[in-house]
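Shown next, in structure tokens, is the structure this report addresses.
The values are calculated or read from the model by the stated rules, or taken from the named source; none is laboratory data. What you see is a predicted model; the values in this text were computed from it and never measured. A quick note on method: Cβ atoms are made from the backbone with ideal geometry, for glycine too, and the neighbour counts reach across all protein chains shown. What goes into the accessible areas is simple: the full protein's heavy atoms, side chains included, and nothing from ligands, DNA or RNA. Shrake-Rupley method; radii C 1.70, N 1.55, O 1.52, S 1.80 Å.
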Amino acid sequence: MFSSRTAWNRLPNRLTVALQSLQARGFPVIDLTMSNPTLCEFNYSETTQSAWIDPITTPYEPSALGTLHARNAVSSYYSKRGFTVSPKHIVLTPGTSNAYSHLFQLLTDPGDEVVTAAPGYPLLEFLVDLHDVRLVRYPLLYDGIWRLNIDALKRVLTKRSRVLVIVSPNNPTGSFLKTDELEEVVDLCRRRNLALVIDEVFFDFSWSDDSSRAPSGVTVTDCLTFTLNGLSKTAALPQVKLGWIAANGPQTLLSESLSRLEIIADTYLSVGASVQSTAPFLIEQGDAIRPEILNRIQTNCELLDSVFTEDCLCSRLRTEGGWYGVLRIPSVLDDESYALHLLENYNVFVHPGSFYDFPFGDYLVLSLITPTEVLVSGLEKLQTDQLFQASSEPI
Ligand SMILES: Cc1ncc(COP(=O)(O)O)c(C=O)c1O
């Protein structure tokens, strides 16, 4: 009856079982993984809250790639950041995840391979499964800063490799692609006939300036490139469900892509009329909410650094942007057992690094947009655990 592509192992892991059991027994969980910004006590403006345009009176003007009104707004988003993107090269989607789907439909056949970094965004595994393609990961390097390892990337390429996905800044490492890395990647994609997908959903969440950082993917001209973004992060509105693809690259490939994408998008009928009408306003509202989010991230980072000092067995990895913090933990327990230990003993919920496919070591990942008082109460509990203290003996 059912497709083999959806025959996922749905048995909950030990951590999920423990979490559900705590919640079922009514124990309050200190959740340090909260990454839905609308639940993290940010002050959205009243105008954002009432911005929704009445779905009945909004004219329904199906337009496969999106209305010109909304695509112009996306084009202005880029011009404000110093990049030129024609509205004609923009495709609107109901969220960035759907943008990935459109692109895998455009670029892959069953059995093809999509290549991306480890650690990386966990949902990509499911997105590729749904298109009968395989996700192949190559390891990033960390030596005080995360780097793309071009040799490791080249080693995993095969005849079936079709798409290279780069998330910049990456989820969860927060590392931005650097200019020299982008040049190497573009050269590789051009020579190996790979399409480049650059997911920039966290692009506006840079923690500091860095002149070695690559510009947006929309500047690439030498290989077929699709840059993804959307309102879920840039305007902190995940439930609005508006994402986009900005396509660029050699002219023949670009026009063929856009013609095919138009049919793919048209097959699903267009993105909701209300969200398209409201898009210019909502994109602009991102400018108002992001400083508050970045402030929260900075406060939470400072808090982590005050707890995980140099003499502590745990340390925070250097991050350049995004919403997540990564802690390196001593290899006394594996990361899942460690997360379980924290949940069972202190009701503190964090993600193990294995959830993000860390290729080495033991890591925990937490969300830095968590309300600071929640982080404080979580850290107070963690500080009582000997693994988080200096010179502790293994438990
Ligand atoms: C790196 C990355 N890409 C894409 C998405 C999905 O975004 P959307 O909510 O627009 O589908 C997420 C969601 O967290 C993400 O972290």
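Return an integer: the convex hull volume of the alpha-carbon atoms of the range 265-366, in Å³ per residue.
182 Å³
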Query raised in the report: How would Glu41, Glu113, Glu125 rank on accessible area, largest to smallest, probe 1.4 Å?
Result: Glu41, Glu125, Glu113
**Report entry** Where Lys154, Lys159, Lys233 fall by accessible area, highest first, once all protein chains stay in place (1.4 Å)
**Finding:** Lys159, Lys154, Lys233
Query - Centre separation in Å (Cα based) which lies between the range 120-174 and the range 72-111 - result: 19 Å
Query - P(r) tail fraction, the range 292-336 - alpha-carbon pairs more than 14 Å apart, % - result: 53 percent
Query raised in the report: Relative contact order of the chain: what whole-number percent is it, with Cα pairs under 8 angstrom and at least 6 residues apart?
Result: 23 percent
Query - Most positive-pole-ward Cα, Thr158, Leu124, Ala235, against dipole of the range 54-285 from beta carbon charges - result: Thr158
Requested in this report: At a Cα cut-off below 25 Å, give the lysines reachable from Lys80, other chains included and same-chain residues fewer than 8 away excluded.
Outcome: Lys88, Lys178, Lys233, Lys241
**Report entry** Ranked by how many other beta carbons lie within 10 Å on average, peptides 206-216, 378-388 from highest
**Finding:** 378-388, 206-216
Report summary line: At q = 0.07, 0.08, 0.13 1/Å the base-10 log of I(q)/I(0) from the Debye formula over the alpha-carbon atoms of the chain is -0.33, -0.44, -1.17
Query raised in the report: If you line up the Cα atoms of the range 92-154 on their principal axes, what length do they span on each, largest first, in Å?
Result: 37, 25, 17
Report summary line: Per the helix-only model, the chain has a calculated mean residue ellipticity at 222 nm (DSSP H runs of ≥4, -39500 (n - 2.57) each, divided over all residues, rounded to the nearest 500) of -11500 deg cm²/dmol
Query raised in the report: How about the chain: what cysteines have no other cysteine beta carbon under 4.7 Å from their own?
Result: Cys40, Cys301, Cys312, Cys314
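Is the range 179-255 best put as rounded, prolate or oblate by its Cα gyration tensor, with a ≥ b ≥ c the root eigenvalues, rounded for a/c under 1.5, and otherwise prolate when a/b is larger than b/c, oblate when not?
oblate
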Requested in this report: Please give the direction-averaged projected area of the C-alpha convex hull for the range 42-127, in square nanometres with one decimal.
Outcome: 9.2 nm²
Query raised in the report: Classify the range 130-274: rounded, prolate or oblate, from the alpha-carbon gyration tensor (a ≥ b ≥ c, eigenvalue square roots; a/c under 1.5 rounded; otherwise prolate if a/b is larger than b/c)?
Result: oblate
**Report entry** Radius, Kirkwood style, for the range 97-205 when every pair of distinct Cα atoms is counted (Å)
**Finding:** 14.0 Å
